[in-house]
Amino acid sequence: MFKLEEAIDSINIAEDLDKEELLKIGNAVAEGFDNDLASRKPWEKDLEDWTKLALQISDVKTFPWQGAANIKYPLLATAAMQFAARAYPTLVPSDGKVVKCRVVGSDPTGEKAARAKRISTHMSYQVLEEMPDWEEDMDKLLIALPIAGTCFKKTYWDAGKQRNCSKLVLPKYLVVNYNTRSLEEAERITEVVTLTRRNIKERQNQGIYLDVELPDPDGSDVISNTGVNKAFQRETTEDSTTPYTVLEQHTYLDLDEDGYSEPYIVTIEEQSKKVLRIVARYTAEDVIISAENSKVISINPTQYYTKYGFIPNPDGGFYDIGFGRLLGPINNSANTIINQLVDAGSLSNLQAGFIGKGLRIKMGQANFQPGEWKAVNAVGDDLKKQIFPLPVREPSQVLFNLLDLLLKSGKELASVAEIFVGKMPGQNTPATTTMATIEQGMKVFTAVYKRVYRSLAKEFRKLYKLNKTYMNPEEYID
């Protein structure tokens, strides 16, 4: 019988399981991943559209003619950059005071306040100096968050580097069932990771992964992002550096066959569905045992991921919404109107029409230079009768007014007022009015900041628990 104590101490539980059991677990992990991926398919397609819109990616356009105007107005990109430009220095201040602890309850001697100050100073130093990728990942998160609406941070102890890590995980690479209420209640959380042959061999040599034979990687990506990738990279051929797609699923398994599933992390190779590793997602302190019959009542799983949300999803879905969802339709409409105005201008400037066959001139395209006159074998009256230009109007003023209305609506929705992008107010505008305008305009951002702060607090609590478990005693004393 498999014991929980053995699972907690084991580096790789898969070594103690037979092939039939591993095959069953691998298939279950792959099936669960496919189900979760299917549940969020519409959201995944929307995410690709938002990303292309924010990155100003233009597809080849053949309507209404080859080479027609294909302008992308940067409304979504501006809103995302404006948010990041304000959030980044607010959340990661230049004075280095990133982590702040507060005292709860009575503190007559000031002992709690002194301890809170020590922890704040040490953890601020830790995230900025000992974790060199933390600040860069926060910068990336604050750019991606307003576009996608959801981002994640994975916080864990890296035994190889002997330090805490808290890395950014983009939402397309963390697959959770769309109908899940929260990360804490999720039955499955699957991170899609790419590893080269060398990376996997290193883990096999260290005993972290099972030493199993894997097929050659096919180079396919289970996450739909080809439309974005093709705009920035060329087609590549597969070689020895082509990565494997590895699924790291945080799930529940009943390995001790007591009728209660315990939390584990199962790692499989996506193509072959072979299990590479199984490790416990709990400690001895997380197991609650009945005092009467020594049965396991419940197990509190260790949570590695922290969800950062922009605006809660009104439909109750797991993935929150961002400016991509809110500004995408307005941005697309603005793009359409701008392209229509430019195309109307092109038709008005470069006129076309019909020429009668009875006109005795050389047929085909005729290019004119400024000040040039061409001779034709026809009188003026015949020329007027035989040439009929298409009835083309100049760019519409109504469309231009509609474009202005859409852009104003988008800026109001994103709280991107002209004063926020550096435009000075009127000369006679009082300073108090300007400050009040800025304060009101920042209300939407302030609400988002509170959500980000709430997620930061969860991430810092994870780091605090890791320090409790893994910190060098000498470092603690210092």
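With R₀ fixed at 25 Å, the C-beta to C-beta distance from residue 34 to residue 185 puts the FRET efficiency at about 0.75.
What the chain shows is 60 Å² of accessible area per residue, with the surface traced by a 1.4 Å probe over protein heavy atoms. Once you order the gyration tensor axes a ≥ b ≥ c over the Cα atoms, which shape class does the range 1-124 get: rounded for a/c under 1.5, otherwise prolate or oblate by comparing a/b with b/c? Oblate, because a/c is 1.5 or more while a/b does not exceed b/c. In plain terms, the bigger the Kirkwood radius, the slower the diffusion; for the range 67-149, with that radius from Cα pairs, at 25 °C and 0.890 mPa s, Stokes-Einstein puts D at 157 µm²/s. Computed over protein heavy atoms with a 1.4 Å probe, the carbon and sulfur contribution to the accessible area of the chain reaches 53%. For residue 101, the amide hydrogen comes within under 5 Å of the amide hydrogens of 120, counting only partners 5 or more places away or on other chains and with H modelled in the peptide plane. Could you name the lysines in cross-link range of residue 112, using Cα to Cα under 16 Å and dropping any fewer than eight places away on the same chain? Output for residue 112: 100. Have a look at 253, 208, 81 and report the one farthest towards the positive end of the charge dipole of the chain, computed about the Cα centre with Cβ charges (Lys/Arg +1, Asp/Glu -1). Sorting the options by dipole projection puts first 81. Distances between placed amide hydrogens fall under 5 Å for residue 187 paired with no residue 5 or more residues away or on another chain. Residue 240 exposes around 80 Å² of accessible area when a 1.4 Å probe is run over every protein chain in place. Using the Cβ of residue 164 as centre and a radius below 15 Å, the other residues enclosed give a net charge of +2, where K and R count +1 and D and E count -1. With R₀ fixed at 41 Å, the C-beta to C-beta distance from residue 383 to residue 60 puts the FRET efficiency at about 0.60.
Long hydrophobic helices in the chain, taken as whole DSSP H segments with a C-alpha length of 27 Å or more on their own axis and mean Kyte-Doolittle hydropathy at least -0.5: 19-39, 323-349.
At R0 = 45 Å, how high is the FRET efficiency between residue 354 and residue 408 if r is their beta carbon distance? Nearest 0.05 is fine. The calculated FRET efficiency here is 0.60. Taking every Cα-Cα distance in the chain and sorting them into 20 Å bins from zero, the calculated P(r) comes out as 18, 42, 25, 11, 4, 0 percent. For the range 134-216, taking the reciprocal of the average inverse distance between every pair of different Cα atoms yields a Kirkwood hydrodynamic radius of 15.3 Å. Among the trypsin sites (Lys or Arg not before Pro) found in the range 26-77, those both in a DSSP coil and sparsely packed, with 15 or fewer other Cβ atoms within 10 Å of their Cβ, are 61. For the range 231-327, chymotrypsin sites (Phe, Trp or Tyr not before Pro) are listed when DSSP marks them as loop and at most 10 other Cβ atoms sit within 10 Å of their Cβ; the list is 232. A probe of 1.4 angstrom, applied to the heavy atoms of all protein chains, finds residue 101 with accessible area near 60 square angstrom. Take the Cα of residue 69, step 7 Å toward its Cβ, do the same at residue 135, and the gap between the two points is 4.4 nm.
Here the contact order of the chain, divided by its residue count and restricted to Cα pairs under 8 Å and six or more residues apart, works out to 20 percent.
Distance between the pseudo-spin-label points of residue 470 and residue 111 (7 Å out from Cα toward the beta carbon): 3.1 nm.
The values are calculated or read from the model by the stated rules, or taken from the named source; none is laboratory data. Bear in mind the structure is a predicted one, so any value in this text is a computation, not a measurement. Using ideal geometry, Cβ is built from the backbone for each residue, glycine included, and neighbour counts are taken over all protein chains shown. Remember, those area values only see protein heavy atoms, side chains included, never the ligands or the DNA or RNA. Shrake-Rupley method; radii C 1.70, N 1.55, O 1.52, S 1.80 Å.
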